[in-house]
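Just below is one structure, and these are the notes that go with it.
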Amino acid sequence: MTVASDEVRVRIASDDDIVTARQEGRRLSAGLGFSSTDLTLIATAISEVARNIRVFAGEGQVQIRPVHERGREGIVVVARDKGPGIADIERAMQDGYSTRGSFGLGLPGARRLMDEFDIRSRPGKGVTVTMKKWALGGG
Ligand SMILES: Nc1ncnc2c1ncn2[C@@H]1O[C@H](COP(=O)(O)OP(=O)(O)O)[C@@H](O)[C@H]1O
Ligand SMILES: [Mg+2]
């Protein structure tokens, strides 16, 4: 784990790293005025994208940092891997779609838990998920 000023970067290469990313997300967000409910929602969204890195790509990283935009305070999470990527993103974002016979709620769930959600991928080029949540009713 690397901590540079207020940015945290967690390398995801084991299941313990998912827990670390989740905790770091909560810790960093706690200083930004989020409600305790929001802290749990953020931590859950981070868990889902970090778990996908483990399951589908094996390894990658989760970067978490505060964001200040037009008077708003929030948190931004960028989860990246260089795994197989996703051929059909629209399909992957649907509730219940899973290529591993699982619940298929991770990505759509994370999108609902956060205020902004962006996913980019190309087959063979990995996946980048960027998500933001604003504190104190912003967004
Ligand atoms: N980082 C990733 N790399 C490759 N494929 C992914 C990644 N994340 C998600 N996917 C694809 O999107 C599908 C939906 O993801 P998700 O909603 O988290 O459901 P689940 O993890 O239960 O399968 C996965 O089954 C997988 O095919
Ligand atoms: Mg998942």
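A few notes on this one:
- The trypsin sites (Lys or Arg not before Pro) found in the stretch 1-97 that occupy coil by DSSP, while having at most 12 further C-beta atoms within 10 Å, are ARG70.
- Springs between Cα atoms under 10 Å define the GNM used for the chain, and in it the highest mean-square fluctuation of SER35, SER121, SER102 occurs at SER102.
- Listed by number, the DSSP H helices of the chain that run 24 Å or longer by alpha-carbon position along their axis and have mean Kyte hydropathy of at least -1.0 are 36-52.
- Gyration tensor analysis over the Cα atoms of the stretch 2-134 returns equivalent ellipsoid semi-axes of 23, 16, 13 Å (largest first, whole Å).
Bear in mind these aren't lab numbers, they're just calculated from the coordinates by the rules spelled out. This is a predicted model, so every value here is computed, not measured. Here Cβ is always computed from backbone atoms with ideal geometry, including for glycine, and neighbour counts include all displayed protein chains.
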